[in-house]
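Laboratory data are not the source of any read-out in this text; all were calculated from the coordinates shown. Bear in mind the structure is a predicted one, so any value in this text is a computation, not a measurement. All Cβ positions, even for glycine, are placed from backbone atoms using ideal geometry, and neighbour counts span all protein chains on display.
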Amino acid sequence: VCESLSCELAGSEALIAALEKGMDPKKIRVLRAPCMGRCDTAPVLEIGHKHIDNATPSKVEAALADGHFHAEIPAYEDFAAYKAAGGYAKLAELRKSGDWEEVQETVLASGLRGLGGAGFPSGRKWGFVRANPGVRYLAVNGDEGEPGTFKDRYYLERTPHLMLEGMLIAAWAVEAERSFIYMRDEYPAVLEILRREIKALEGAGIILKGEVELRRGAGAYICGEESAMIESIEGKRGIPRQRPPYVAAVGIFDRPTLVHNVETLHWVTRIVREGPEVLNSTEKNGRKGLRSYSVSGRVAKPGVYLLPAGSTITDIIDACGGMAEGHAFKAYQPGGPSSGLLPASMSDIPLDFDTLQPHGTFIGSAAVVVLSDKDSAKAAALNMLRFFESESCGQCTPCRVGCEKAVKLMQADKWDAELLEDLCQVMGDASICGLGQAAPNPIRLTMKHFPDEV
Ligand code: FMN
């Protein structure tokens, strides 16, 4: 049963209690597992590889009686349909007579920035990778482990070839010999789609056998951090590397490696095929571009919404058909648990790269969770820190011990603000990677904006 924030808001605790009470423990074991990336249909659980959306005990009983625990493959645009609509023509043209610097210019002109969370300008990264001699590699980051994020799944379950062609264009641009797709095992339908479509690409002679390798993740959030992902691809335990050297110089099997998020590559195809205007012609609140917001929590229609990058939470809630019935807007998580919580009074900030930093937070992968007057900011912050505690890889002490201590301190009726701030300082300054560095955000923002609750 998924227990991350959106599922908790939708009643995952009551669901777990009901399942534990009603099921035969000799036959059924209930496990907690954040986050399944289906926050738009919370609460969610998985039996084998079958997902139960908007789960209830009776739906679980029916699924158990049915006995089929396989993933359901949605209808999607397959190779034949994509090719018939002009897909892979651009790749063929580039491979034949393209100038990689021209393509890099187009990508830079579009303003495309990494959509895995860090927001690094994508075209510039290509230059860094190319500057290193080599056999070079490419890795697609499909770990999507940040609770509240489900945009990569959304695109892969509909138009997988936009990512695949973008991956091959980027691989061509940096002269990568092989591409590795690191895909979380929580997305069995996506894994099956990719298996089929990579085979179709091999069959059509667009890639050689083995040129693109599909690797399964095993449920660790830390394996989305690019250097930990590379360790995992190499067959080792996924823990972040010390940097420098950066993965653009020393990546998979010590070779220069280009790492991109799934959605970033989806846009590479669209930019190369449709021109940089596909992104840079949209302007709102002084911000350029588009952003795929994964929206869940107390809104009428949760889902992935492609909106101008300058959208505020008010625009986003409007796009979702307003608040869920009976709920009044209280607070929001702008970009995953690493971004913490902001109050409804701060609803006029464009939710884009760079706009949230002055407020002590960031957009990350744009995983927006909306909280209402029925919800507790304190409980939400605790949920976020519990996630970090369980997902800390344990390599560095500030994160491993810090997350655990923070959870203990946050369980008190009244938070010890001074001690927590001291802890936040150490975690932020001294953790090796972004997990421990950003884990203080929910603590600090909750103390700042919801002092009465803590
Ligand atoms: N990037 C992703 O694309 N997917 C993830 O699931 C993901 N998880 C991360 C988890 C942690 C703890 C950290 C610190 C970073 C994570 N990232 C994730 C960001 C990656 O390290 C990296 O910046 C990104 O994959 C680069 O691709 P992009 O430039 O296309 O965004």
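Hey, can you grab everything whose amide H is under 5 Å from the amide H of M323? Only 5+ residues off in sequence or another chain; H modelled, so Pro and N-termini drop out.
When sequence neighbours closer than 5 places are left aside, the close amide H contacts are A300.
Given an 8 Å cut-off on Cα distances and at least 6 residues of separation, report the relative contact order of segment 213-268 as a percent.
On the way: 56 pairs, mean separation 12.3, N = 56.
Taking the mean separation of contacting Cα pairs over the length of segment 213-268, I get 22 percent.
Please state the shape class of segment 5-66: rounded when a/c is under 1.5, otherwise prolate if a/b exceeds b/c and oblate if not, all from the C-alpha gyration tensor. Intermediate values should be presented prior to the final figure.
On the way: a/c = 1.74, a/b = 1.41, b/c = 1.23.
The shape class here is prolate.
Pop out the ³J(HN,Hα) list for segment 35-48 in order, Karplus 6.51 cos²θ - 1.76 cosθ + 1.60 with θ = phi - 60°, rounded to Hz; leave Gly and Pro as x.
10, 8, x, 10, 5, 6, 10, 5, x, 10, 9, 10, 10, x
Once phi is turned into ³J(HN,Hα) by the Karplus curve 6.51 cos²θ - 1.76 cosθ + 1.60 with θ = phi - 60°, what whole-Hz value does each residue of segment 8-21 show in order, with x for glycine and proline?
The phi angles translate into 4, 4, 8, x, 5, 5, 5, 5, 4, 4, 5, 5, 5, 7 Hz.
Just need the relative contact order of segment 287-375 here, percent rounded to a whole number, with Cα pairs under 8 Å and 6+ apart.
On the way: 196 pairs, mean separation 30.4, N = 89.
Over segment 287-375, the number comes to 34 percent.
How much length is gained on full extension from A92 to D422, taking 0.36 nm per residue of separation minus their Cα-Cα distance? Write down the numbers at each step before the final one.
Details: separation 330, 0.36 × 330 = 118.80 nm, distance 5.60 nm.
Value of the extension gain: 113.2 nm.
Which whole-angstrom value gives the distance between the alpha carbon centres of segment 95-155 and segment 21-77?
What the calculation gives is 34 Å, centre to centre.
Taking amide H positions as placed in the peptide plane 1.01 Å from N, state which residues far from T149 in sequence (5 or more) or on other chains have amide H under 5 Å from it.
none
Starting from the 7 Å offset along Cα-to-Cβ, what nm value, one decimal, do you get for the label separation of E101 and R216?
Roughly 4.5 nm, to one decimal.
How much length would be gained if the chain were fully extended between A131 and R195, taking 0.36 nm per residue of separation minus their Cα-Cα distance, in nm to one decimal? Provide the component values of the computation, followed by the final result.
Numbers: separation 64, 0.36 × 64 = 23.04 nm, distance 3.21 nm.
Using 0.36 nm per residue and subtracting the Cα-Cα distance, I get 19.8 nm.
For E213, what residues show an amide H to amide H distance below 5 Å, using hydrogens built from the backbone and excluding near sequence neighbours?
For E213, the qualifying residues are S179, F180, I181.
With n ≥ 4 as the cut-off for DSSP H runs, can you work out [θ] at 222 nm for the chain, using -39500 (n - 2.57) per run divided by the number of residues, rounded to the nearest 500? Present the calculation step by step, with values, prior to reporting the outcome.
Values: 19 runs with 187 residues, N = 454.
The helix-only estimate for the chain comes to -12000 deg cm²/dmol at 222 nm.
If the chain between A412 and H68 were fully stretched, how many nm would it gain, using 0.36 nm times the residue separation less the Cα-Cα distance?
Values: separation 344, 0.36 × 344 = 123.84 nm, distance 4.36 nm.
My answer for the length gained is 119.5 nm.
I'd like the isolated cysteines in the chain, meaning no second cysteine's beta-carbon lies under 4.7 angstrom from theirs.
For the chain, the answer is C35, C39, C223, C320, C393, C396, C399, C403, C424, C433, because their Cβ atoms have no other cysteine Cβ under 4.7 Å.
For D354 and A33, what does the FRET efficiency come to when R0 = 45 Å and r is the distance between their Cβ atoms, rounded to the nearest 0.05? Provide the component values of the computation, followed by the final result.
Details: r = 34 Å, r/R0 = 0.75.
That gives a FRET efficiency of 0.85.
Let me have the relative contact order for the chain, percent, based on Cα pairs under 8 Å that are six or more residues apart. Kindly include the intermediate steps, with their values, before the conclusion.
On the way: 899 pairs, mean separation 66.8, N = 454.
So the answer I get is 15 percent.
Can you work out ³J(HN,Hα) from phi for every residue in segment 373-386, in order, using Karplus 6.51 cos²θ - 1.76 cosθ + 1.60 and θ = phi - 60°, giving whole Hz and x for Gly and Pro?
4, 7, 10, 9, 5, 4, 5, 5, 5, 5, 4, 5, 5, 4
If you average 1/r over every pair of different alpha-carbon atoms in the chain and take one over that average, what Kirkwood value in Å do you get? Spell out each step's value before the answer.
On the way: mean 1/r = 0.0442 Å⁻¹.
Here the Kirkwood hydrodynamic radius works out to 22.6 Å.
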